[in-house]
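Taking it in order: structure first as structure tokens, then the write-up.
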Amino acid sequence: MVKLGIDTFEQPVNQSALNAGWTPQGKVTGISLLHESGTGGGPKYGYPAQMPLASVNGVNLLDNLTYWQDRDGNDVASVGYFRTRFSSGVTVQLSATRHAGLMHYTYPSSSEKHVLVDLSHYLPHPTRSWDSQFYAGGEIEIQPNSTIYTGYTSIANGWNLGPPVTVYVCGEFDSTPDQAKAFNGRNTFPVGRHFRTFDNGTTPEPTFQGSSARAGPQNNRVGAIFSWNGTDGNSEVKSRVGISFMSVDKACAYKNEELSSWDIETTAQTARDEWNRDVFSKIRVSPDGNQTRLALLYSSLYFMHLIPSERVGENPLWENEEPYWDDFYTMWDLFRNQVSLWHLIQPSYYESMIRSLIEMFKNEGFMPDGRSGNYNGLVQGGSNADNVLADAYVKGLRGKINWTEGYAAVKKDAEVLPFFDQNPVDPQGSLKEGRSALDDWIPLGYVSADRNTRAVSKTVEYSLNDFAVAQIAAGEEPGDYDLYMRRSAGWQLSWDPEASARNFTGFVMPRFANGSFHKSYNITNCGDCNWSDESYEGTAFEYSFVIPHDVERMIELMGGSYLFESRLDYVFQPNTSGVDLGVNGLGITTINNIADEPDFGTPYLYNYLNKQYKSVERSRQLATDFYFNASNGIPGNSDAGALNCWLVWQMLGLYPIVTTPVYLIESPWFDDINITVNHDRTLRIRAEGLDDGDGRKGYYVQSVSINGQVWNKNWFEHEDAGGIMTEGGEILFELGAEQKVWETGDVPPSPGHIVLDENEWR
């Protein structure tokens, strides 16, 4: 739950880092306990906060422009530990537990020692007000003659336009301050500047209130300043803070129980031990001397485990015994391959997440496509929690999941139009939850370009969503299966066989409600590719490849295997992109954009031609070209770990086809990999002949065997070979330099294969 870190402001505004708090060069405005990780979009969290100050001369505690700090040198970060040094000379060290944070501040021997506790601090959106967060109230109380303070803060709005989130705080210092003063001050909505409040051109000043301060009827900002006189010869101040969404008492209990030691190395080591036990030990590789690969693998595992946030016992919305999770940011990102890896290596957590999603449906009406701050939103395309549940269902995850209720949840997504919510980014589409274009989808079979936004991408996503519903219906409500399978072919109704671009013909295209196609639509350029455009974060050229449940029909519509392969080759040619990708594709000039989720599976489509060696070549080239052991080591936003997880699968030599039990066989990066699957089973992946010292040769597959059985297909299913992904076993690769067509068996299945007759649909 706690993700302790610095909050910064960088100019020009670093749009890609609004949600994280940390920016490479930004000025530090505070140190807060709640954050997202690796997401784009508007900000969320950045509270509750502290800030160490070496002086309060000229400081207005209500205006952090008067005390924000540059950093000297580079930040230092490792699992469970962070360190930075301010230009004031204060060194900050941080560590954390699941519900509490530990802060060590070391001041210059000649400086003053102050710690500001600001309960109105949050991450703003400095360029637009409508989805910036804002302070909605708070309270702070300093215990008499004590080192402890308690209180709460309520912060509203942000990325998903959510209601106020109330977080209770219990903080403690390791020594009694010589002076402690609570304050409040006028609150005005911050527009365009970082946290600063304005009132007709003036900045309000704090009013000191003694030992406590409340927001009051004017919703004043609240905080406290703690000061030590420095005569004790100690230049260090330590602080530990527990938080809870439930109560101050719970926040104090977390602080006391989880941070029984003030020692930061002890706390950091405990965090490392937990990460090693629960995450890193799940995939163990032979140390081949390539430290870069090891760093990439384990850093990627780290980032794909930061959100969603486990908040079991911290649900302020309803009471029951079911687990609770938050910060699904978003399903659109993580359903592509992340959930499939959680299924294997984190089955307990994954089951807990799915139970939580179903509880959200039961208590709030819909499962989320995105969720943060205990509130659903935003929906980028389809209802992609459907895909998450289906992927778990077809791979046999049961446990304590109530699949009757799970099916009710996905069926509601498929049938019930959500209430329209007003969101400035998309005047036509409801973005909170559900499928906002069912008014097109159900009667037309596609999403129309004149009545709804993002028609191309929504049509493609709704098709996969209904395929997902059908997979659960097959076991839970068989009478519904045919209906949703038929609807899963709706993407074919948006296929314009006459649309042409770059000497290729036939694409998914915007189609109007009267049945005509948008003939002038630019197939290789989606404009801003955003909420109000006709295709979201991908062009029609790209989305024409994103039909994982029916690749067979996709190949047919592209003119057959030869033309399909030619088109697939083309999207990886340099300087073919027609879009300025910006931060979501740094250095990428191909149509295929590996920095964005819709294109994750495209490099692997050669498997469907029984030319697996080309999948290996394309995907390996993308990984080596765009992933590095550096602070800019991924080609775009991490997107809650989605980009990192793509790399993990690449290194394992496998790739999952979501909503199906199929895994494509690729090529591993290590000669011996041991994966803990299904709680306590071991899947071993061995590679004989692996040698890619020149960066190109030695990783092509020559042959594969699974559990001792010679395997002639470039894919397998979850339960194949005696349950390879449930009971474990061994996948043995023979690798070499030859680009070899080794597979002689069937191509991967297209379980959603339908040749759709539009007249039958109507």
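The values are calculated or read from the model by the stated rules, or taken from the named source; none is laboratory data. Nothing here was measured: the structure is a model prediction, and the numbers come from that model. Backbone-built Cβ (ideal geometry, glycine too); neighbour counts: all protein chains shown. Keep in mind that these areas ignore ligands, DNA and RNA; they rest on the heavy atoms of the full protein, side chains included. Shrake-Rupley method; radii C 1.70, N 1.55, O 1.52, S 1.80 Å.
Using θ = phi - 60° in the Karplus curve 6.51 cos²θ - 1.76 cosθ + 1.60, the 3J(HN,Hα) couplings for the range 55-60 round to 6, 10, 5, x, 9, 9 Hz; x is entered for Gly and Pro.
Of all beta bridges that DSSP places with both ends in the chain, some 95 percent have antiparallel geometry. Compared with the dominant principal axis of the Cα atoms in the chain, helix 248-258 is inclined by about 80°. Using Cβ point charges alone (K and R +1, D and E -1), the dipole size of the range 280-665 about the Cα centre works out to roughly 960 debye. At 20 °C and 1.002 mPa s, what whole-number value in µm²/s does Stokes-Einstein give for the translational diffusion of the range 245-323, with Rh from the Kirkwood sum over Cα pairs? Approximately 137 µm²/s, per Stokes-Einstein.
Here the Karplus relation 6.51 cos²θ - 1.76 cosθ + 1.60, evaluated at θ = phi - 60°, turns the backbone of the range 353-361 into coupling constants of 4, 5, 4, 5, 4, 5, 5, 4, 4 Hz, with x for every Gly and Pro. Computed over the chain, relative contact order equals 10 percent, with contacts defined as Cα pairs under 8 Å that lie 6+ residues apart.
Normalising by the residue count of the range 5-278, find the relative contact order in percent from Cα pairs under 8 Å and 6+ residues apart.
Relative contact order of the range 5-278: 20 percent.
Cross-link partners for residue 400 among the lysines, with Cα-Cα distance under 18 Å and sequence neighbours closer than 8 places in the same chain left out: 362. Phi-derived couplings, Karplus 6.51 cos²θ - 1.76 cosθ + 1.60 at θ = phi - 60°, listed residue by residue for the range 487-497: 5, 5, 8, x, 4, 5, 6, 9, 7, 9, x Hz, with x used for Gly and Pro. Tell me the angle of helix 291-303 to the major Cα principal axis of the chain, expressed in degrees between 0 and 90 and rounded to the nearest ten. With rounding to tens, the tilt is 80 degrees. Full extension of the chain between residue 416 and residue 236 gives 59.0 nm of extra length, using 0.36 nm per residue less the Cα-Cα distance. Of the trypsin sites (Lys or Arg not before Pro) found in the range 55-137, those that fall in a DSSP loop while having at most 15 other beta-carbon atoms within 10 Å are 98, 128. Starting from the Cα of residue 614, draw a straight line to each of the lysines and keep only those under 26 Å, dropping any in the same chain fewer than 8 residues away. The reachable lysines, counting only those whose Cα sits under 26 Å from residue 614, are 697, 713, 740.
Cross-link partners of residue 255 among lysines, defined as those whose alpha carbon lies under 25 angstrom from its own and excluding same-chain residues fewer than eight positions apart: 3, 44, 113, 181, 238. Carbon-plus-sulfur accessible fraction, the chain (probe radius 1.4 Å, protein heavy atoms only): 47%.
The ratio of the alpha-carbon radius of gyration of the chain to the globular-protein estimate 2.2 N^0.38 Å is 0.98. Label the range 5-278 by shape, choosing from rounded, prolate and oblate, from the square roots a ≥ b ≥ c of the eigenvalues of the Cα gyration tensor; if a/c is under 1.5 it is rounded, and otherwise prolate applies when a/b is larger than b/c, oblate when it is not. The shape class here is rounded.
Solvent-accessible surface of the range 5-278, averaged per residue with a 1.4 angstrom probe and all protein chains in place: 37 square angstrom. Solvent exposure of the range 489-590 amounts to 39 Å² per residue of accessible area, where only protein heavy atoms count and the probe is 1.4 Å.
For the range 280-665, relative contact order (Cα pairs under 8 Å, six or more residues apart, normalised by length) works out to 18 percent.
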